[in-house]
Amino acid sequence: MRSGPAGRGARSDPVGLSLHAGPVWFDFQGSKSPQHPTGRLAGFRGHLQTDGASGLDRIGQDDGRIVHLGCWSHARRYFVKAVDAGETAAAAYLRSIDGLFRVERLARHFQLPPPRRAVLRQKRSLPPADALFASAAVDLASVPPKTRLGQALGYLLGQKASLRRCLTESVAVLDNNAVERAIRPLKLGAKNWLFIGHPNAGPRLAHLFTLVENCRLVGSIPRPTSSISSRVCPITHETHRRTAARRLAQSPRPGRRPSSAVVGDRLIASPSLPARQRRRRHVGVERLRYR
C-alpha cells in the first residue's frame, strides 16, 4: 500500500523503487475472506498491491478510493513452473516479463522520479506488455487449461487490468516482493505455530511479528525491556511450569490421590509406581497420575 496509513507492505519511499519499502504491519484474522482487509482498509486511499487472491482486487472499488495493482512476480512464477515442467512455449513469455523487470532496474539505477519513469515505461514497457497480453489471448484458446502453461496464461489474462496499472501508474512498482520477503519467515515456520491455542493469541502473535520484522528491516535487534516483557510475557515458562505443578498437587481429583507429581523438571513418584515409571523424567510437562 502507498499514499495511506502504514500497513503490511506500506511504502514511504517517494520514488517507490527502494529495496526498503517502509514499515510492515501484520494482522490476524480467522479466515482468508476478503471482508477482513476490506474492513481494515475502510478509510484508506491510495494504491493497494496484492497477488491474485480472490476478492482483493475489488477492495475500495465502489467509491474509487483505491487503485489496485497486480504483481508481475506472481505472474512470472507461473511461467517459471511451466518452463520447469518442460513446456517450452512458456519461455517466450518468461523472456518478455524479464524484459519488463530490466526496464525497472534501469529506472532504479538512475533513480528516475515518477514523471520520467512514466515516460520510460510508456516507451519501453507498455508496448511489450500489450503484445504479451495479445499473444496470451491467442494461445489460451489452443493450450489445455490444466497444463502449467494454461494456468499461467489464465492467471496473466485474469490479472490483466491490475498488471497493466503497474505500468501506467507512475508511483507503482511491478511486484509486491517487499511483502513476500516480510512474510517469508512465517511461511517457513508455519508448522511451528499452526495451532495458536486460543483466538486471543492470534493478535498478540501478529503484534510480535510486527515488532520483530520492523526491527529486522532497520537492522536493530529487539531487546526485551522490563516494560515490554511485563506486557508481552507477564510470566516466564519456568514460572508457569512450577505454578501449574503446585496447583495440580494441591487440587487432586475428588476421591483419588496422586501417585506422582512434577516438581521443577523432575517427576516425583511414589514407591507404588513401577520402576520404569519412577525413572522417567519429564521436562516442561506438568502431569499428575492417579491410581
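Read-outs: derived from the displayed coordinates by stated rules, not from any lab. Computed from a predicted model, the values in this text were never measured in an experiment. Note: ideal-geometry Cβ built from the backbone for every residue, glycine included; neighbour counts use all protein chains shown.
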Note to self: Once you order the gyration tensor axes a ≥ b ≥ c over the Cα atoms, which shape class does segment 31-138 get: rounded for a/c under 1.5, otherwise prolate or oblate by comparing a/b with b/c?
What the structure shows: oblate
Check: How large is the charge dipole for segment 25-75, taken about the Cα centre, if only the Cβ atoms of Lys, Arg (+1) and Asp, Glu (-1) carry charge, to the nearest 20 debye?
Finding: 80
Check: Which cross-chain or sequence-distant (5 or more) residues have an amide H under 5 Å from the amide H of V67, H modelled 1.01 Å from N in plane?
Finding: G46, H47, L48
